[in-house]
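Nothing in this text is a laboratory measurement; each read-out follows from the coordinates by a stated rule. Just so you know, these numbers come straight off a predicted model, no measurement behind them. Positions of Cβ are backbone-derived with ideal geometry, glycine not excepted, and every protein chain shown enters the neighbour counts.
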């Protein structure tokens, strides 16, 4: 019987921190995401997302298997309050 890919899935998320200048502070972050079926190993392809790299919108790799999502850190309120 063929796998219907409905039970268990695995994902891998790799966070990339980028800077505008060599050795400078990190100013941009991106989550690179891959998903596959745990039962049969089938990889999932992301659809409806433009190809490429962008700091302003989600994009996908040329083969469609890697979703790239720009993101920014948010300082929790209690940490922010302690700073003031």
Taking 44, 26 and counting other C-beta atoms within 10 Å, the order from fewest to most: 26, 44
Helical mean residue ellipticity (222 nm; -39500 (n - 2.57) per DSSP H run of 4+; nearest 500) of the chain: -2000 deg cm²/dmol
Spacing of the two label points (7 Å from each Cα toward its C-beta) at residue 40 and residue 63, in nm: 1.9 nm
Contact order normalised by residue count of the chain, Cα under 8 Å, 6+ apart, percent: 24 percent
Label point at residue 3 placed 7 Å out along Cα→Cβ; residues across the range 29-44 whose backbone nitrogen lies under 16 Å: 34-44
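What's the exposure ranking of 74, 49, going from fewest to most Cβ atoms within 10 Å?
74, 49
In nm, what is the difference between 0.36 nm times the number of residues separating residue 13 and residue 26 and their Cα-Cα distance?
2.8 nm
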Listed values (i) 153; (ii) 82; (iii) 233, entry calculated as volume of the Cα convex hull per residue in Å³: (i)
